[in-house]
Every structure is written in C-alpha cells, then in structure tokens.
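S.K.: The structure under discussion is supplied below as structure tokens; questions concerning it will follow.
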Amino acid sequence: MTDLTGKFFWYELMTSDPQAALAFYGDVIGWTNAPFGGDLGEPYHVVSGSAGAVGGVMAIPAEARTCGMTPWWGGYVGSADVDADAARLSAAGGTVKRPAEDIPGVGRFAVMSDPGGAIFMLLKGSSPDGMQAAPPMASGHVGWHELYSGDFDADMAFYTGALGWTKGEAMDMGEMGLYQLVSQTGGADFPDMTGGIMPAPKEMPGPAWLFYFTVGDIDAAVDRVKAGGGAVLNGPMEVPGGAWILQAADPQGAMFALVGSKGDA
C-alpha cells in the first residue's frame, strides 16, 4: 500500500448546496457518488473517479456558517500520528486551527494552517480502505496541487522541511514572483512534480490550496462548467509538459481547477 504520510490524498468540498454540487461535478468531472454509511452527524457523499474514491461532499456545518465560512475545497494530508504531527508542524511555524479529534469509523484528524495562513487537514485513517493514492493523472482525480502562499519563504521552508517535500525547478513569473515546483513523492525531476507554490496574487481573497481535477478535453470541460452554472476564472492555458489548465468557481462559489488536454474525448 502507498505510504500517504505527508501527502495530500483526500479532498473535501463543504458547500451550501451539496445536491447541486454533486450534480455539477458529476457532469463536469464525471464523478459518481454514494452516501457514506458512517455516523458523521451530517450527510456525507463520497465521490469517485476512475481509480476509486477521491473525496467527499457535505454541507457547511452550522457552526462554520455562523463564523462566515463560504463554500470551499480542502485537502487532507496523511499522518501516521495526528497529535504528534500537529504539535511538530505547529513548532515549525504552522498553527493548529482545530485540535486532533476522532471521526467515528473514519480516523483521527486535525485542522492546520501553514505559516502563510492556508488551511489543510491531517488525517490518519482507522483502516486502509479508501486511503490509497490514485495513479498520476487518473481521470477524475487530482493531477496537480497549487498553493497561493501568504508567506512564500516561510511556506517553502515549512513544506520542504516539516513535511519533507522536494523542490524542483523554480520559474520566474516576473511581477508575480517565483513559481516553485514541488514533489510530495520525493522526486526532483519534472515528471515527479506534484504541485507548485507561488505568492498569492492580489486577486485572491487569501492564502489557499487549489486542487486540479483531471479531465479529458479541456475545451469540452469549459463548456460543461458554463452549462452547469459555474464560472471560468482563468484559462484554458497551456502549461509546461503539454497539459492545459483552467481555474473556475462552481455555482455555489467554491474555487476549483481542471487539468486536461486538447482534443481528447
């Protein structure tokens, strides 16, 4: 089984309208979905791509709505010991936003932020079921992870130090700063890169992780986003390696991204 420690492997949408979101992403990305049978206190649907489960969709909890949470995508990083990792990452410049606690039938998790303020979660599953990483660029799965950083230097040190990621090439984007390729799997060559870190653009409301879901033809995906009531925010644009990407917002306002190619069905 793949070692998921220190790697993103589960993605979760908290939204104002779960049923509408499930229909939208089912059409745009091709996910299937099924209700989770465990006791989470709130309805939870697991979404799956070509290689199995990708993540989940649920309503924004009442207490989070009271605090002003809007629809958003979050990512879970694998942990062998959530309590120890939360303490270690806090000492490395992160912040514990929600202390470690158990999710019955799922595992133990904690909510963290990196030094620049972007949120991510730690998770140790109670069983290996559904806790496998998908093959690179599998249809419907995350093909790229991008951090809009609130503190570029501190965040780079945090992810490459405390989480053990590997730095690849750094691309100069002029006034936008550096785009630093990173690998969660230890490789330093371009094919091994799993994401990038860049300073948060002024258009972003705050530091955040953005997840790129893999589709086939990017132009057909654009049409599906628009037809479903979503908004294309940027792209499609070609990136090194020949892939095409776009950033978008779903009908409820959650930002997401797609990666695909030209001319594929």
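The values are calculated or read from the model by the stated rules, or taken from the named source; none is laboratory data. Please read all numbers here as calculations on a predicted model, not as lab measurements. No Cβ is skipped: glycine too gets one built from the backbone with ideal geometry, and neighbour counts run over all protein chains shown. These area figures cover heavy atoms from the full protein model, side chains too; ligands, DNA and RNA do not enter into them. Shrake-Rupley method; radii C 1.70, N 1.55, O 1.52, S 1.80 Å.
S.K.: Which residue is nearest to A87 (Cα to Cα), if the candidates are limited to region 162-181 and must be open to solvent by 70 Å² or more (accessible area, probe 1.4 Å) and assigned to a strand (DSSP E or B)? Show your work before the answer.
M.R.: So the first thing to find is which residues in region 162-181 are open to solvent by 70 Å² or more (accessible area, probe 1.4 Å), and the list is 167, 169, 172, 175-176, 178.
In the following step, the residues that additionally are assigned to a strand (DSSP E or B) were identified as 167, 169, 172, 178.
Values: K167: 24, E169: 30, D172: 34, L178: 30 Å.
So the residue we want is K167.
S.K.: Any idea which of G253, G242 is assigned by the TED database to the domain that holds H145, loosely packed, with under 13 Cβ neighbours inside 10 Å and not in a strand (DSSP E or B)?
M.R.: G242
S.K.: Further, regarding this structure: Conditions: (1) at pLDDT 95 or above; (2) in contact with a Ser or Thr (Cβ under 7 Å, 6 or more places away or on another chain); (3) surrounded by fewer than 20 Cβ atoms within 10 Å (Cβ to Cβ); (4) among the aliphatic types (A, V, I, L, M). A157 meets all but one. Number of the miss?
M.R.: For A157, the failing item is (2).
S.K.: Pick from region 88-106 the residues that are of a type in the set (A, V, I, L, M, F, W, C) and more than 19 Å from L4 (Cα to Cα): which of them is surrounded by the fewest Cβ atoms within 10 Å (Cβ to Cβ)?
M.R.: Step one: list which residues in region 88-106 are of a type in the set (A, V, I, L, M, F, W, C), which gives 89, 91-92, 96, 100, 103, 106.
Subsequent filtering for residues that are more than 19 Å from L4 (Cα to Cα) retains 91-92, 96.
Working: A91: 9, A92: 16, V96: 15.
Looking at residues that are of a type in the set (A, V, I, L, M, F, W, C) and more than 19 Å from L4 (Cα to Cα), I get A91.
S.K.: What number of residues within region 63-87 satisfy the criterion of being surrounded by fewer than 17 Cβ atoms within 10 Å (Cβ to Cβ), in contact (Cβ under 8 Å) with a residue 12 or more places away in the chain and assigned to a loop (DSSP other than H, G, I, E, B)?
M.R.: Selection size over region 63-87: 4.
Rundown of residues vs (1) within 15 Å of F24 (Cβ to Cβ); (2) within 18 Å of the chain's Cα centre (by Cα), yes/no style:
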{"residue": "V222", "(1), (2)": "yes, no"}
{"residue": "K226", "(1), (2)": "yes, no"}
{"residue": "L233", "(1), (2)": "no, yes"}
{"residue": "E238", "(1), (2)": "no, no"}
{"residue": "I245", "(1), (2)": "no, yes"}
{"residue": "D250", "(1), (2)": "yes, yes"}
{"residue": "A254", "(1), (2)": "yes, yes"}
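S.K.: Which members of region 107-120 meet the condition of being open to solvent by 30 Å² or more (accessible area, probe 1.4 Å) and under 13 Å from S79 (Cβ atoms)?
M.R.: R108
S.K.: Now for a different question. If I filter region 223-234 down to residues being surrounded by fewer than 17 Cβ atoms within 10 Å (Cβ to Cβ) and in contact with a strand residue (DSSP E or B) (Cβ under 8 Å, 6 or more places away or on another chain), which single residue comes out as farthest from D192 (Cα to Cα)?
M.R.: Restricting to residues being surrounded by fewer than 17 Cβ atoms within 10 Å (Cβ to Cβ) and in contact with a strand residue (DSSP E or B) (Cβ under 8 Å, 6 or more places away or on another chain), the top hit is K226.
S.K.: Could I ask something else about it? Do we find a residue being open to solvent by less than 20 Å² (accessible area, probe 1.4 Å), closer than 25 Å to M193 by Cα and modelled with pLDDT under 95 anywhere in region 9-31?
M.R.: Checking region 9-31: at least one residue is open to solvent by less than 20 Å² (accessible area, probe 1.4 Å), closer than 25 Å to M193 by Cα and modelled with pLDDT under 95.
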